[in-house]
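K.L.:
Shown below is the structure under consideration.
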C-alpha cells in the first residue's frame, strides 16, 4: 500500500519574507499522545497562523494544530533519549502537523522523509526525521541547554558549562573529573564566540567564576605564551585558538 493512501501531504508557501529558505509541509498527523486543546503551553491560532508562526521562528521545526489550538516545537527542546514521534492520522480526527523542511518542493517517495537543519548559533547542523512508513521520529544529539557550534574547520561541537557544586578545589583536574562523571569531556576553545557562548550559558545557569577549558601550555612555552603553538589539547578535535587572544595576567 502506498504511503499517500494514509494521509494528505501538501506544500505551503509562506507570504512572510524570511532571511532563510524553508518550506512548511502540512499533513494529517499527531505528536505522541499530545492534544493541543489541553496542552498547558497552547496558543489560539488557526492553521495558517500557527504554521506561519513556526515558519518565522528560525528554531521552530514543527507546528501542531487542532480546532484552533496551536503548539510550536523547537529542535533544541528534544534530547537524544526521549525525542518526538509524529504519527499519520486521518482528516476525521482533526489533527494537523506542519513540518519545516529544507526542500523548496513537496517531498515525494515512500516512505516520505523530512530533513532540516539546527539553526542555533548559525550552525545549520543537518538532521532528518527517521521514517517507519506511517510515523516519523526525531532525536537531537545536542539539546538545550547544550549549544551546537560549527567551527571554521567544518566540525560541529556541542558544549555547555557545568558548575563544580560542592567540590571544594576548583582545578583543571577536578574539572576533567567532573565532566568524566557526566560522560563528557572538557572541550578546548577555538574562537571568541565559543568562549562568549560558554560564559553566557554559564551565567544563565547561575554558574560563575573561573571556567576551565581544555588546553595546557607546553613546558617550553615562554610568557606570554605563543598564540596557538604554545598549547596542547586532549579533546581530540581542538588544534587552534582561532581568533581567541590569550591575555597574560601578572601580579
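Quick note: the coordinates plus some simple rules give every number you see, no bench work behind them. Predicted model only: the values in this text are computed from it and were never measured. In this analysis, Cβ positions are derived from the backbone assuming ideal geometry, glycine residues included, and neighbour counts consider all displayed protein chains.
K.L.:
FRET efficiency for residue 216 and residue 150, Cβ-Cβ distance as r, R0 = 25 Å, nearest 0.05?
P.N.:
The computed FRET efficiency comes out at 0.50.
K.L.:
Arrange 160, 216 by Cβ neighbour counts within 10 Å, fewest through most, would you?
P.N.:
Ranked by crowding around the Cβ, least crowded first: 216, 160.
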